[in-house]
Structure formats: structure tokens, C-alpha cells
Amino acid sequence: MEDKLPCISIVTVVRNNLQGLITTAESIQRQTYKKIEHVIVDGASTDGTLDWLAAYKPNYRVSFISEPDNGIYDAMNKGMSLASGDIVQFLNGGDELATGSVLNIVAQSYRESRWDWAYGQIRYVNEKYERIREYSFSPFSLKKLSMGLAFTPHPATFVKRSRIETMGGFRSDFGFSADQEMAVRLGKQGSPNVIDTVITNYLIEGAHGASKPAETARRYARIRRANGLLVGGSRVLDAGFTTALATFWTARAQAGRLRQYTNR
């Protein structure tokens, strides 16, 4: 049965974050599952990353490039083009695999079900890698995903390389929400396998935190239009929902800032 286990390509995007890259790489090296490759896309770092990469010699295949890119999803698409495994995971610099056995769990799940895509849970951690909370999207709902009412945990998502290549990779014109737009396209083709375990420790200082609530709501509206999933099948209803969602998210963000202020 061993020859039926997949090769897992882990794509890591990084720029001037050598310590984050080391944290990610060490979590991969701790894996008991060894049929893996690590693809690193460095955005022309100047912090010693290239020297570290030259010395990075684990007992699995490694490939890397270092050059300017047009944003994080352009870099991820570059990494996808370098990957040669059966399934692909995008694990960016600073994030880490939660335990040494998670890739074995994923590989066994793939061998049993031969899914096109799957995801597990993520654990939000702070800069000291202390637990904040877990997030799980189960059961999967394409409606909730497209409406922005839930999201697929991108750093804990695995996709067959042949599937993501056929789909053309990430659409960077969707900005910070390009990962969720990809999940919507995948969800339209079939529901994922949901793996009931924490896959990734996700450093909460990620890029998505820089996005304003109203901008995110508008991006989700664009995702629905692009994929034929308008709320109620109506542009009018969809526009009303987008406005309501933006208002709710903005109020929630302001309430969170107020709580931080009052707790000082």
C-alpha cells in the first residue's frame, strides 16, 4: 500500500522573514511522514534567507527561487508551478505544522478517499506561538463560504496538484481574498473532505489582518458575481447583503478595538 501514498508538496512563500521560514521548515522536518517536498518562493530577501536556503539539506526534496514578485498570490502560483507532488499545501513563512503526525494523517485520508481537496483545522497563535483559539469550518457549505459567513482555513488546505493546475491557480485580482475565491471554485466542483484535526498553527499577524471590513465585503461580492453565486440570484439582493455585511463587520471591528482600549 505504500506506493499509493501521495507525495505532498508544501509551498512556502517568504520575504525578509528568515526566522519565520526556519520555524516553518523545522515543523516540516519533524514530520513522521517523509514522502514530501518543500518548495520555497522567496521574494528577493536581503536578511540572509538565501544563505540559509543554500545550507537547507533535509532528507526530502527541496527547491527554491528568489526573485521579486507581484504579491503573495503571484508568489504562490510560482510555487505551484515548481511543485511536483500529488497534493499541494501552502504553508507560509511563520506558520507551522501543528504536530509531527499531521502529514501522515492527511496522507492516510487521501489514500482512503482519493479526494480532490481537503482541509483540517487551524490554531491561531500569537508571536510566542501560544494558543489563542482554534477554527474549524465543518460541515462545509458553499453558500456560507461565498457569502463570507465562513472561510476555508487556507494554511490547512490540501489540493490535488492536477486540479489546481487545471483551474489556473490563484486569481490575484481578488487581493487578500484570492484563497477564498479559489476555495469557491473548488467547492463548485465538489465538496472537500474535512479532516477533524488541527493541521496548522497560524500566526495571527498574517496579511489578511490588513484588510478593511468593507473592502473584504466588496471582494466577496466580486467573488459571488464571478462564480454565479449572487445572493438570492439577484444583483439587488446581493448588493443589499454586501452593504449589511460590511456594516456588521465594521461594527464588530470597532467593538473589538473598544474592548482592547477599555482593558488597558
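Structure data summary
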{"read-out": "Residue in the range 43-58 that is buried (at least 17 other Cβ atoms within 10 Å of the Cβ), over 27 Å from residue 168 (Cβ atoms) and within 20 Å of the chain's Cα centre (by Cα) present", "value": "no"}
{"read-out": "Qualifying residue in the range 64-77 (condition: aliphatic (A, V, I, L, M), closer than 15 Å to residue 42 by Cβ and assigned to a strand (DSSP E or B))", "value": "yes"}
{"read-out": "Out of 239, 253, 246, sole residue that is surrounded by fewer than 21 Cβ atoms within 10 Å (Cβ to Cβ), assigned to a helix (DSSP H, G or I), touching a Pro at 6+ places or on another chain (Cβ under 8 Å) and at pLDDT 95 or above", "value": "246"}
{"read-out": "Leading residue by the ranking (least open to solvent (accessible area, probe 1.4 Å)) among those in the range 216-234 that are touching a helix residue (DSSP H, G or I) at 6+ places or on another chain (Cβ under 8 Å) and free of Cβ contacts under 8 Å to residues at least 24 places away in the same chain", "value": "221"}
{"read-out": "In the range 96-139, residue least open to solvent (accessible area, probe 1.4 Å) [restricted to those that are of a type in the set (Ser, Thr, Tyr) and under 28 Å from residue 19 (Cβ atoms)]", "value": "119"}
{"read-out": "Close pairs (8 angstrom Cβ cut-off, 6 or more residues apart or separate chains): within 13 Å of residue 52 (Cβ to Cβ) in the range 16-36, in a helix (DSSP H, G or I) and of a type in the set (A, V, I, L, M, F, W, C) anywhere", "value": "18/52; 21/52; 22/52"}
{"read-out": "The one condition in (1) modelled with pLDDT of 95 or more; (2) open to solvent by less than 30 Å² (accessible area, probe 1.4 Å) that residue 211 fails to fulfil", "value": "(1)"}
{"read-out": "Breaking point among (1) surrounded by 15 or more Cβ atoms within 10 Å (Cβ to Cβ); (2) in contact with a strand residue (DSSP E or B) (Cβ under 9 Å, 6 or more places away or on another chain); (3) more than 23 Å from residue 7 (Cα to Cα), for residue 33", "value": "(3)"}
{"read-out": "Criterion violated by residue 103 - all others in (1) touching a residue at least 12 places away in the same chain (Cβ under 8 Å); (2) of a type in the set (A, V, I, L, M); (3) assigned to a loop (DSSP other than H, G, I, E, B) satisfied", "value": "(3)"}
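Residue-wise test of (1) more than 18 Å from residue 219 (Cα to Cα); (2) part of a helix (DSSP H, G or I); (3) aliphatic (A, V, I, L, M).
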site	(1), (2), (3)
110	yes, yes, no
115	yes, no, no
120	yes, no, no
123	yes, no, no
140	yes, no, no
158	yes, no, no
180	no, yes, no
184	no, yes, yes
187	no, yes, no
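The values are calculated or read from the model by the stated rules, or taken from the named source; none is laboratory data. Because the structure is predicted, anything quoted here is derived from the model rather than measured. Cβ: placed from backbone, ideal geometry, glycine included. Neighbour counts: every protein chain shown. Keep in mind that these areas ignore ligands, DNA and RNA; they rest on the heavy atoms of the full protein, side chains included. Shrake-Rupley method; radii C 1.70, N 1.55, O 1.52, S 1.80 Å.
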